[in-house]
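Colleague: After the structure tokens below, expect a handful of questions from me.
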């Protein structure tokens, strides 16, 4: 049984199921392990997390601790549905998936080349970035869920570049949901695309190390935020909005973030948005040291952490921007069919449009597009593409 317990009740003999923080926020080799000493308890407490998940079948228990369930996100979905029930804005003609693919590929190439130039000591030229960002923002306004499923498809060796592009698209979508002015969305997206440029100063052997980082390596990794700020401050034409996104995307609402341990409203709106989006994309991405989690599970994590690390209203708005079951994610229906989410129904967030294409008995089905608002079938759980050996690239929303 998986339970959430306060950090001050942790003791030797318990089995940690989840340290309840990002992998890069701690320096343990694994996220799941048996606590063998008081020294390990003390080390966990230095992480600053207020709660951790334990597995009571593999270690000691704590009475009356809440169990892990799917209900949190479902309940949030029902409450968010009212927020999303207002009429959707009029949209221009929809971008095709092929247009989104071309834009996504071009963006990855531009960011990869830019990071290479930074390593050679060259300055960022916003003139090369701004037209790309304008097209990304146009794509989000045209079809909000076209680029976002592509954002989850990353190669291990190019994670840093692809993560920047993903965060850019997600931030533009988030800002649109918050009804920010279009010119502000453009600056937010520029900051998101450039938020990790400081990683150009971090050696590849640290960026892609599959084992535990040394304390010195860990400090150098975290210093990328400071380096990003320095690089962008030296970039002619960079806005304060873009600078806030890059300089504050690792700060946390409860003051446990870095590099400046800013707290609450000391963090700008744009920095708070960046911290939410950065965590979401990191959680859902496959890395050399761990497998990414399904989007719905990552959203549940954000909702849980909004008690401490993030402003709850902003987490709710981010969930609205993606949907409870984001487009491109895999879900299981009550009929025991697996389906890929195609698009959102903004008035009923728990009932998106899906494409059923696989049966849990282990065989493919003729693809069928289903609007769950008009179907007796409904979603019972999110699923993992890898667990079913299904290639997500073959089932992207059309």
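Nothing in this text is a laboratory measurement; each read-out follows from the coordinates by a stated rule. Owing to the predicted nature of the structure, the values given are computational and were not obtained by experimental measurement. Methodologically, a virtual Cβ is constructed for each residue, glycine included, from the backbone with ideal geometry; neighbour enumeration extends over all protein chains shown.
Colleague: If packing is taken as the average count of other Cβ atoms within 10 Å, what order do 369-378, 306-315 fall into, highest mean first? The partial results should precede the final answer.
Modeller: Values: 369-378: 13.8, 306-315: 18.2.
Ranked from most to least packed, the peptides come out as 306-315, 369-378.
Colleague: While we're on this one: Which value, in Å³ per residue, describes the convex hull spanned by the Cα atoms of segment 285-398?
Modeller: 114 Å³
Colleague: Between 257, 116, 191, which gets the highest mean-square fluctuation from a Gaussian network model of the chain, Cα cutoff 10 Å?
Modeller: Highest fluctuation of the listed residues: 116.
Colleague: Also: For segment 201-351, what is the convex hull volume of its Cα atoms per residue in Å³?
Modeller: Convex hull volume per residue, Cα atoms: 151 Å³.
Colleague: Radius of gyration and Dmax for segment 104-204's Cα atoms, expressed in Å?
Modeller: When restricted to the Cα atoms of segment 104-204, Rg and Dmax are 13.1, 39 Å.
Colleague: If you count, for each residue, the other Cβ atoms within 10 Å and average over each peptide, how do 260-272, 244-256, 207-219, 171-183 line up from highest to lowest?
Modeller: Ranking the peptides 260-272, 244-256, 207-219, 171-183 by packing returns 244-256, 171-183, 260-272, 207-219.
Colleague: Which order do the peptides 136-143, 106-113, 162-169, 3-10 come out in when sorted by mean C-beta neighbours inside 10 angstrom, highest first? Mind dumping the intermediate values first?
Modeller: On the way: 136-143: 21.4, 106-113: 17.8, 162-169: 26.6, 3-10: 15.6.
Highest-to-lowest ranking by the protection proxy: 162-169, 136-143, 106-113, 3-10.
Colleague: Continuing with this model, one more query. Expressed as a fraction of 2.2 N^0.38 Å, the rule-of-thumb size for a compact globular protein of N residues, what is the C-alpha radius of gyration of segment 330-395?
Modeller: Against the empirical 2.2 N^0.38 Å value, I get 1.03 for segment 330-395.
Colleague: So what's the back-of-envelope 222 nm ellipticity for the chain, counting only DSSP H runs of four-plus at -39500 (n - 2.57) apiece and dividing by all residues, rounded to 500?
Modeller: -12500 deg cm²/dmol
Colleague: I want to verify the translational diffusion coefficient of segment 74-322 in µm²/s; compute it with Stokes-Einstein, Rh as the Kirkwood radius over Cα pairs, at 10 °C and 1.306 mPa s.
Modeller: The calculation lands on 87 µm²/s.
Colleague: I've got another one for you. Over segment 276-362, what is the relative contact order in percent, taking alpha-carbon pairs closer than 8 angstrom and at least six residues apart?
Modeller: Once normalised by length, the contact order is 18 percent.
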